[in-house]
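Scroll down for the structure; my scribbles are underneath it.
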Amino acid sequence: MTAEKISTTAERGPTATSHAGSLARGKLGTTDLVAQSLAVGPITSAALLGGIIAAKGGSAGPLYLLVVLLGVLGLGAVLVMFARRYTSAGVMYEYVGRTLGPTAGISTAGFYYFAYIILGGPTMLIGAGVLGHDLMATYTDIDVPFWLISLGVLLFVALVNIRGVDLSVRAQLTIFVLSVVPYLIIAITVIAKGGAEGNSAVVLDPTAPTAGQFLPTFIFCALLFVGVESSASLGEEAKDARKSVPRAIIATILIVAGFCLLMQYAGTIGFGADRVAQDWASDPLGLSTLGTTYVGEWIAPLAQLGLVLDMVAVAIGFMVASSRGIFALSRGSLLPPSASRLSRWQTPVVGIGVFATVSVAGIALVTVISWRTDMDPYVGFAVGATFGGLLVMSAYFVLIVAAVKLLVRNQWSKVGWVAVAAALVTVGAGIAGSIFPLPADESRYGVFAALASIALCLGWGIFHGIVKRHTLPELAVAEIDLAATDVPRAHIL
């Protein structure tokens, strides 16, 4: 089988010249990259989306999640294929731009990184602030405004990010390990005690009277995995990115799937197959409630604290990824040169500042609206999650289209068609489920904002890609020479 150099720069004439400093090279191993990809927030996903999956899927929620996992593994294969080819911090800018062209790459990078900023910034910080406020008010009688907690968390997240990438990823891993313990105790105890009606295979029966519908559940199962590719943003800082990043992506998918399946099963039998759709759906802290019922009252505050801490870890990880995206776009002459400025610890300090500025603005907006209208500030979390989830899913869709182009050109093993088909069904259903039917609550504003962002970023991409004829910078870390490394196409998967 022949090998070839995967490159598009030679076809496009002169490339943008990079004058940016260098990110820290060779500092991170596979474990560090897994920690970064865990910015997907498995605890937040299992705790907050688990109730929605139960409401839609009923007792068959675990089965539906297992089916969606197959499609997510297809998406994982697509991500791995690109991660083996390109190791730049630009991720979507590089993946899409070097396959479909600068216009597509710039447009996709624009709304992808904006989604990361909103998801990890105001969305998670508001969520942590609201839940932190409730936790303190319930167990300590101390009334701290949610916005003050949110700003305090933002300060911590920014300092950790500035201080160095190794500190950032290790902080995420430490927080995850501490946060997951009470949830594992709850799940194991519920299963050991047999839940409300005993352990049952009804969770694998989509025809059971207590089972819900598959398609309405699909989108929420898919959203559990949004962000598993965030380790790719650290490709330039990894010791062996072409091995470590793919391993981290697949490992994270399996970790998130295993944890969420465990919690979904425990929640289903804990509430009871005939009651889970009503009881868990009506209780945003349902897993904490199960902890009180099956373990004891002492574990409830620990579970709620774990949820808050997981949101902090998500914010750290999304700041890591988005700040490097801003750095890469500046290096490619798409943003002012100052945006590629690095701190003394070789971290993209301007990107961190942009993330922090947008976060403060989002927190302030929700605070003012809540004060003037008595809106629950948690609505801001729901709107931000809808907005960011739809944009990241849209970026995945463009990436799948890019993978199809490589398959058509015979630049990826034929087994890639299976991965692309599975990924396309999963991501396509996820996007459709986000829009149709249009949410009746305030989260519909997240849909509107996402569509507007895509339109604006498309205009930005057309301006730079067609009008200014932008070309991607020639970076040694940006592409793999298959001819030089003798990596056959069949092994790219």
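The values are calculated or read from the model by the stated rules, or taken from the named source; none is laboratory data. Everything numeric in this text was worked out from a predicted model, so none of it was measured. Quick reminder, even Gly has a Cβ in these numbers, built from the backbone with ideal geometry, and neighbours come from all protein chains shown. The area values use the complete protein model at the heavy-atom level, side chains included, leaving out ligands, DNA and RNA. Shrake-Rupley method; radii C 1.70, N 1.55, O 1.52, S 1.80 Å.
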message: Please enumerate, by chain and number, the lysines with C-alpha under 23 Å from the C-alpha of residue 414, excluding those fewer than 8 residues away in the same chain.
response: 5, 243, 405
task: Report, in deg cm²/dmol and to the nearest 500, the calculated mean residue ellipticity at 222 nm for the chain, where each DSSP H run with n ≥ 4 adds -39500 (n - 2.57) and the sum is divided by the residue count.
output: -21500 deg cm²/dmol
query: Amide H of residue 89: which non-local residues (sequence gap of 5 or more, or other chain) have their own amide H closer than 5 Å, using H built in the peptide plane?
result: 236
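Let's test the formula: R0 of 41 Å, r as the Cβ-Cβ distance of residue 67 and residue 469. What FRET efficiency results, to the nearest 0.05?
Numbers: r = 45 Å, r/R0 = 1.09.
Calculated value: 0.35.
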message: Below 18 Å, Cα to Cα, which lysines can residue 239 reach? Residues fewer than 8 away in the same chain don't count.
response: 27
- prompt: Dipole magnitude of the chain about its Cα centre, charges +1 at Lys/Arg Cβ and -1 at Asp/Glu Cβ only, in debye to the nearest 20?
  reply: 1780 debye
query: Sequence-distant or interchain residues sharing an amide H contact under 5 Å with residue 28, placed H: which?
result: 238, 239
field: Among [x] 1.14; [y] 1.24; [z] 0.95, the entry that matches Cα Rg over 2.2 N^0.38 Å as calculated here
entry: [z]
message: Give me the dipole magnitude in Debye, nearest 20, for the range 251-382 about the Cα centre, with unit charges on the beta carbon: positive for Lys and Arg, negative for Asp and Glu.
response: 880 debye
field: Relative packing of peptides 221-231, 99-109 - highest average C-beta neighbours within 10 Å first
entry: 221-231, 99-109
message: From Cα pairs below 8 angstrom and at least 6 apart in sequence, can you work out the relative contact order of the chain, rounded to a whole percent?
response: 36 percent
- line: For the range 67-84, in residue order, the Karplus 3J(HN,Hα) values (coefficients 6.51, -1.76, 1.60; θ = phi - 60°; whole Hz; Gly and Pro = x) are 5, 4, 4, 4, x, 5, 5, x, 4, x, 5, 5, 4, 5, 4, 5, 5, 6
- request: With everything on Cα atoms, drop me the angle between helix 124-139 and the longest principal axis of the chain, reported from 0 to 90° to the nearest 10.
  value: 20 degrees
Positive-end residue of 228, 217, 145, charge dipole of the range 127-249 with Cβ unit charges: 228
query: Can you give the accessible area per residue of the range 95-241, in Å², using a 1.4 Å probe?
result: 37 Å²
- request: On a 0 to 90° scale, report how tilted helix 165-192 is relative to the longest principal axis of the chain, with both axes built from alpha carbons and the result rounded to the nearest 10.
  value: 30 degrees
query: Once the Cα atoms of helix 299-331 and of the chain are each reduced to a long axis, what angle between those two axes, in degrees from 0 to 90 to the nearest 10, is obtained?
result: 10 degrees
